[in-house]
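Have a look at the structure below before the remarks.
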Amino acid sequence: MAILSKKSRSALYDPLVKTNPISLSVLGICSALAVTIRVDQALIMTGAVIFVLSTSNTIISVIRKYIPSRTRIIIQLAIIAGLVSLIDQVLMAYMYNMSKQLSVFVSLIVTNCIVMGRADAYAMQNPAGNSFLDGLGNGFGYGAILIAVAFFRELFGSGTIYGISIIPEFVYNLGYENLGLMVLSPGAFIVLGLIVWFQKEIWKEKVK
């Protein structure tokens, strides 16, 4: 017997392919361009978004019947902002340098279209279990694109992965140079565009 129902599996797995929030729904693009210069930044941002998405979805779903329709956006924002503040404080306490690098972008999770969209469109209409899985799925879908973009930008732009040099010194001695374009915003657009094209070509039937 399946552990998850069809609806639960859809909530968890669809954001990875069929409804990926960045590459197919075109949401959260700003952070995909801004925090993908290095893989470590993308990983921290991914973790923060997964936590905020899954937790806010669950909380909002649990109390959805008690949220007045006219004030639902304000209440959703308050819950999301509280979770973002918690993440920000944890980063400041345990990863201060990373907190300084990501401070603005972590704060902007509050207004991230993915987080607000899933809270209002899904968590307000579905039970807590499915809402948690939806948040988890969208968080991982978001993170998969973020990390993929960061991987190629850091590799070709700096010659490193997670700050560790990957390209051997002799390759540079042969005349190879890192692509400075990759550490600029146009580089993020190019990599993201190629990922979107690749995803649509590989999974044509699944993304229709």
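Things worth noting here:
- The set of residues from region 170-183 being surrounded by 14 or more Cβ atoms within 10 Å (Cβ to Cβ) and outside any helix (DSSP H, G or I) comprises Asn178, Leu179.
- Gly187 vs. criteria in a helix (DSSP H, G or I) and free of Cβ contacts under 8 Å to residues at least 40 places away in the same chain: yes
- Flag if Gly163 is under 22 Å from Gly47 (Cβ atoms), of a type in the set (Gly, Ala, Ser) and under 11 Å from the mean Cα position of the chain (by Cα): no
- Subset of region 14-47 (residues that are buried (at least 20 other Cβ atoms within 10 Å of the Cβ) and at positive phi): Gly28
- When Ser158, Ser103 are screened for being hydroxyl-bearing (Ser, Thr, Tyr), farther than 25 Å from Leu16 by Cα, surrounded by 13 or more Cβ atoms within 10 Å (Cβ to Cβ) and modelled with pLDDT under 85, only Ser103 passes.
- Counted residues, region 138-166 - those being part of a helix (DSSP H, G or I) and more than 20 Å from Cys113 (Cα to Cα): 10
- Region 143-164: number of residues that are free of Cβ contacts under 8 Å to residues at least 60 places away in the same chain and not β-branched (Val, Ile, Thr): 5
Yes or no, residue by residue, for (1) free of Cβ contacts under 8 Å to residues at least 12 places away in the same chain; (2) more than 10 Å from the chain's Cα centre (by Cα):
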{"site": "Cys30", "(1), (2)": "no, yes"}
{"site": "Met45", "(1), (2)": "no, no"}
{"site": "Ala48", "(1), (2)": "no, no"}
{"site": "Asn57", "(1), (2)": "no, yes"}
{"site": "Lys65", "(1), (2)": "yes, yes"}
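- Test: residue in region 112-124 that is of a type outside the set (A, V, I, L, M), within 14 Å of Val62 (Cβ to Cβ) and assigned to a helix (DSSP H, G or I): yes
- A single entry from Ile37, Ile109, Ile50, Ile44 fulfils the requirement of being of a type in the set (Val, Ile, Thr), outside any helix (DSSP H, G or I) and under 29 Å from Gly157 (Cα atoms): Ile37.
- Residue in region 6-13 that is without any contact (Cβ under 8 Å) to a residue 40 or more places away in the chain, buried (at least 17 other Cβ atoms within 10 Å of the Cβ), more than 12 Å from the chain's Cα centre (by Cα) and not in a loop (DSSP other than H, G, I, E, B) present: yes
The values are calculated or read from the model by the stated rules, or taken from the named source; none is laboratory data. Since the structure is predicted, the reported quantities are computational estimates derived from the model, not experimental observations. In this analysis, Cβ positions are derived from the backbone assuming ideal geometry, glycine residues included, and neighbour counts consider all displayed protein chains.
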